[in-house]
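Participant: Got a structure here, written out as structure tokens. Questions coming.
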Amino acid sequence: MKRLLFALIPLLQMCSCSPSPPATQEYTDKECGFRIQRPIGWQKHTAGGHTKVLFNEGGRTQINVACQAGSEKEMAETQETYRRTVPEFAELEGQWVTAHERRAFFQTISWSTPYGKHTALRLYVPTGDRFFTVTAMSPTGQFDEWAPLLRECVMSFEVLP
């Protein structure tokens, strides 16, 4: 019996049930000129306004990519508009980073909606005559669970040559 138990230990260790994050797949938008990783199974929706695509897991956790005409100055004005007009908007962290050899502004933000408080990762990527805004958000109570996957997807964003 002891031998059987010792023989099973390596097998049990291999099966230890640490959940693996959902797999991602690449989404490329040649018309708008970008690519991003999104979780497999999340549905693509084309939205109005500046939002090009929206990936949603069925709840209120989502990733969206917006593309707007404008320079880095207009990008900064957009950020300031959020700060002034969105209920309970708070920038929890913000810094300039390099994303796929491009200068980009990465921030963690929170705000209130009629559905409750949300937390998001947002990446602003200026490209000269336009800029992209990639937002990955989740209800605040679920954000810590989603954050690693959302960060991976946001930071995979790449402007096509």
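Participant: Do you know which of the residues in segment 52-94 that are under 18 Å from residue 155 (Cα atoms) and polar (S, T, N, Q) is surrounded by the fewest Cβ atoms within 10 Å (Cβ to Cβ)?
Facilitator: Among residues in segment 52-94 that are under 18 Å from residue 155 (Cα atoms) and polar (S, T, N, Q), the one surrounded by the fewest Cβ atoms within 10 Å (Cβ to Cβ) is 56.
Participant: Could you count how many residues in segment 140-158 are more than 13 Å from the chain's Cα centre (by Cα) and crowded, with 16+ Cβ neighbours inside 10 Å?
Facilitator: Here the count works out to 0.
Participant: Residues being part of a strand (DSSP E or B) and closer than 29 Å to residue 160 by Cβ: count how many of those fall in segment 92-117. Even if it seems obvious, please write down each step before you answer.
Facilitator: Start the filter on segment 92-117 by keeping residues that are part of a strand (DSSP E or B), which leaves 92-99, 102-113, 116-117.
This time we only want the ones that are closer than 29 Å to residue 160 by Cβ, so: 93-99, 102-109.
The qualifying residues number 15.
Participant: Could you list, ordered by first residue, the pairs with Cβ atoms under 6 Å in which the first is in segment 119-146 and more than 16 Å from residue 33 (Cβ to Cβ) and the second is polar (S, T, N, Q) and not in a strand (DSSP E or B), at least 6 apart or interchain?
Facilitator: The qualifying pairs are 119/140; 138/61; 146/61.
Participant: Would you please list the contacts, defined by Cβ atoms under 8 Å and residues six or more apart or on different chains, that run from a residue in segment 80-99 that is farther than 15 Å from residue 122 by Cα to a residue that is of a type in the set (Lys, Arg)?
Facilitator: 88/117
Participant: Return only the number of the condition from (1) more than 19 Å from residue 139 (Cβ to Cβ); (2) hydrophobic (A, V, I, L, M, F, W, C); (3) free of Cβ contacts under 8 Å to residues at least 12 places away in the same chain that residue 105 does not satisfy.
Facilitator: That leaves (3) as the condition not met.
Read-outs: derived from the displayed coordinates by stated rules, not from any lab. Everything numeric in this text was worked out from a predicted model, so none of it was measured. Quick reminder, even Gly has a Cβ in these numbers, built from the backbone with ideal geometry, and neighbours come from all protein chains shown.
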